[in-house]
1. Have a look at A76, H54, I34 and report the one farthest towards the positive end of the charge dipole of the chain, computed about the Cα centre with Cβ charges (Lys/Arg +1, Asp/Glu -1).
2. Between E25 and I94, what length comes free when the chain is fully extended (0.36 nm per residue of separation minus the Cα-Cα distance, one decimal in nm)?
3. Would you mind working out the magnitude of the charge dipole of the chain relative to its Cα centre, with +1 at each Lys and Arg C-beta and -1 at each Asp and Glu C-beta, to the nearest 20 Debye?
4. Taking the Cα atoms only, what angle lies between the long axis of helix 21-42 and the longest principal axis of the chain, rounded to 10 degrees?
5. Return the calculated 222 nm mean residue ellipticity for the chain, to the nearest 500 deg cm²/dmol, obtained by summing -39500 (n - 2.57) across DSSP H runs with n ≥ 4 and dividing by the residue count.
6. Quick one: if you stick a label point 7 Å off each Cα along the C-beta vector at Q18 and E74, how many nm between them?
7. Could you give the angle, 0 to 90 degrees to the nearest 10, between helix 5-14's Cα long axis and the longest principal axis of the Cα atoms of the chain?
8. Over the Cα atoms of the chain, what Rg and Dmax result, in angstrom?
Amino acid sequence: MKITEQEVRHVARLAHLQVDDSACEKLATQIGKILEYVDALDQVDTTDVTPTSHAIELVNAFREDVLGGHLDREKALSNAPEQTEGAFSVPKVIG
């Protein structure tokens, strides 16, 4: 599939990208080659191929929930760069 420089410029404008003329020519050629490859893949007969959702078979690797003890406050704050009144002190994020 051939893509024109005008189409490349249009997509670049939609994506708020600045593309100069030499890059536009190169992009049109490269995108055209990619689309030709996709067209070639579309010709492959996949009628006997079963659909997959993942490349490898996955099994849930969940562990059982086990009730455990909590982390001591002093131990939790021991590596904190700053702490105030027994809590983590972080910079203000929302004005």
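Laboratory data are not the source of any read-out in this text; all were calculated from the coordinates shown. All figures in this text were calculated on a predicted structure; none of them were measured in a lab. Cβ: placed from backbone, ideal geometry, glycine included. Neighbour counts: every protein chain shown.
1. Result: A76.
2. Working: separation 69, 0.36 × 69 = 24.84 nm, distance 4.49 nm.
So the extension gain works out to 20.4 nm.
3. It comes to approximately 420 debye.
4. 90 degrees
5. -12000 deg cm²/dmol
6. It is 5.9 nm.
7. Compared with the principal axis, the helix lies near 20 degrees.
8. In Å, with Rg to one decimal and Dmax whole: 27.5, 67.
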